[in-house]
Amino acid sequence: MTGSPTSVSPGLAPTALTWGYPHVEVFALTKNTTSSVYRKFRNINATSEYDFMPQGRDMVVVGGHVDTKVAPSISLIGYIYTDATSGTQNATQIQIYDKDIQSGHYKFHDHVQVWTPWGGTSKDKLFNPDIWEGLPTDTYLSAPTAVQYEKTQDMIKVFYIGHDSTGSTVHYLRYTSTSNWAGPFRIYGPDLHEWAPAVIAWAGNDSRLDVFAVSRVNNHLVHTFKEADADQWTEYEDLKGFVTVPPTVVSRQPGRLDVFVRGGDARLWHLSFGDGKWSNWQCISGKTRIQGQPHAISTGPGSIDVFAWGEARGESLYKTYDAVTQKWSPDGNGFTTLIPGGLIGPPKSMVYGNDVEVFAYNIHNQIMWQTIGPDKKAKGDAKAWADVPYNVA
């Protein structure tokens, strides 16, 4: 895998989360500098699959006055908290990077959809989306990445690229319900591209965390990890390759990792870890060129679903891995085309019961939504589901 040192934008993409059926939340980013984060959701007590708020194809603003032009991404995490009055409840937190002042912000809402900070005065009691809480003071250089723990874990960790005396390195923050935010903590190592690191907790808890980033010197993928009983992170290992966008990592079971990147040849490349060792890099896209950051999820220990944004026509591309047969489908190279073109950002997905839901922006500033069933086939064509205010192009 070789290429020139020129990188490409990871691309603008919607982000989705579920607490379990029928709840789903979809967040959209725009490139304007005011009212930049929008949401559409279906609550946990919805009585119909069409019972979204707001109704129709509208979205509602939940965060504004944040410059996301350089790092067009939010980090989204669902977790469970204990309320003295209501008991155990669900919550959703978003974190975002503000390039304008190189800082990080966050806000969250509880099980009744009340956001903190609310921002209203005692006189008007209206929600002010422009008000955010500040993450601990640091020099933030990338979009954040929140570790996806099991929702019952009383822990949130947010990773990002920060600045220190050795250059750009991985920093992270820790949050618990009893201690609030702590950090920043630093993982010292090579000078890194200012791209959001990929982080995975392969057991769903803090027993082991793996972090992947991209060296600024040679565009190699680098990796470090920390186990719960270790005092420090391991020294970075150089996994080679030539990476041109932020990496994506998925773990289908403890002890196994699968990393996906766009290479210098604009192809989709895959690297896996199992039985204590790394595989060789493998191109899994044939002659098909992709743009932006690929996305991957696992619905269980036997499969991986990978999505990419085609370079030729802005397609939504899809392929799956079967751990039993140890084969990709479509077999060998290439993809299944879900949307034949017209996307302006890479597709993103989430596991939703037995299905996989896929979201992407099209050229008309709409969010496209498509469902992949347990048989790994699309349940009908993608539909324009929501209109995003302002431009996403």
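Could you please find all residues in the range 148-198 being assigned to a loop (DSSP other than H, G, I, E, B) and within 18 Å of Lys99 (Cβ to Cβ)? Can you show your working first?
Taking the range 148-198 first, the residues assigned to a loop (DSSP other than H, G, I, E, B) are 148-155, 165-166, 177-179, 188-191, 193-197.
His193, Glu194, Trp195, Ala196, Pro197, listed by residue number.
Mind listing whichever residues of the range 357-393 are more than 22 Å from Tyr38 (Cα to Cα) and either at pLDDT below 95 or surrounded by fewer than 22 Cβ atoms within 10 Å (Cβ to Cβ) (or both)? Before the answer, list the steps.
Taking the range 357-393 first, the residues more than 22 Å from Tyr38 (Cα to Cα) are 372-381.
The answer is Gly373, Pro374, Asp375, Lys376, Lys377, Ala378, Lys379, Gly380, Asp381.
Being in contact (Cβ under 8 Å) with a residue 24 or more places away in the chain, surrounded by 17 or more Cβ atoms within 10 Å (Cβ to Cβ) and not in a strand (DSSP E or B) is the filter here, so list the residues in the range 33-57 that pass it.
Scanning the range 33-57 gives Ser35, Ser36, Asn43.
Quick check, is Ala308 under 30 Å from Met368 (Cβ atoms), out of contact with any Gly (no Cβ under 6 Å at 6 or more places or on another chain) and surrounded by 17 or more Cβ atoms within 10 Å (Cβ to Cβ)? Give the derivation first.
Values: under 30 Å from Met368 (Cβ atoms): yes; out of contact with any Gly (no Cβ under 6 Å at 6 or more places or on another chain): yes; surrounded by 17 or more Cβ atoms within 10 Å (Cβ to Cβ): yes.
Against the criterion (under 30 Å from Met368 (Cβ atoms), out of contact with any Gly (no Cβ under 6 Å at 6 or more places or on another chain) and surrounded by 17 or more Cβ atoms within 10 Å (Cβ to Cβ)), Ala308 qualifies.
Do you know which residues across the range 37-82 are closer than 25 Å to Val245 by Cα and modelled with pLDDT under 80?
Val66, Asp67, Thr68, Lys69, Val70, Ala71, Pro72, Ser73
Of all residues in the range 85-106, which are at positive phi and outside any loop (DSSP other than H, G, I, E, B)? Talk me through it step by step, then tell me what you get.
Let us first name the residues in the range 85-106 that are at positive phi, namely 87, 102.
Hit for the range 85-106 is Gly87, nothing else.
Search the range 315-349 for residues being acidic (Asp, Glu) and surrounded by fewer than 20 Cβ atoms within 10 Å (Cβ to Cβ), and hand back the single one that is farthest from the chain's Cα centre (by Cα). Can you show your working first?
Here is the first cut: in the range 315-349, the residues acidic (Asp, Glu) are 315, 322, 331.
This time we only want the ones that are surrounded by fewer than 20 Cβ atoms within 10 Å (Cβ to Cβ), so: 322, 331.
Working: Asp322: 23, Asp331: 27 Å.
So the residue we want is Asp331.
Do the conditions hold for Gln113, that is, is it farther than 27 Å from His163 by Cβ and either among the basic types (Lys, Arg) or modelled with pLDDT of 85 or more (or both)?
Numbers: farther than 27 Å from His163 by Cβ: yes; either among the basic types (Lys, Arg) or modelled with pLDDT of 85 or more (or both): yes.
It is true that Gln113 is farther than 27 Å from His163 by Cβ and either among the basic types (Lys, Arg) or modelled with pLDDT of 85 or more (or both).
Check off (1) outside any loop (DSSP other than H, G, I, E, B); (2) in contact with an Asp or Glu (Cβ under 8 Å, 6 or more places away or on another chain) for Ala213 and give me the number that stays unchecked.
All conditions pass for Ala213, except number (2).
The values are calculated or read from the model by the stated rules, or taken from the named source; none is laboratory data. Since the structure is predicted, the reported quantities are computational estimates derived from the model, not experimental observations. Cβ sites come from the backbone with ideal geometry, for glycine too, and all protein chains shown count toward neighbours.
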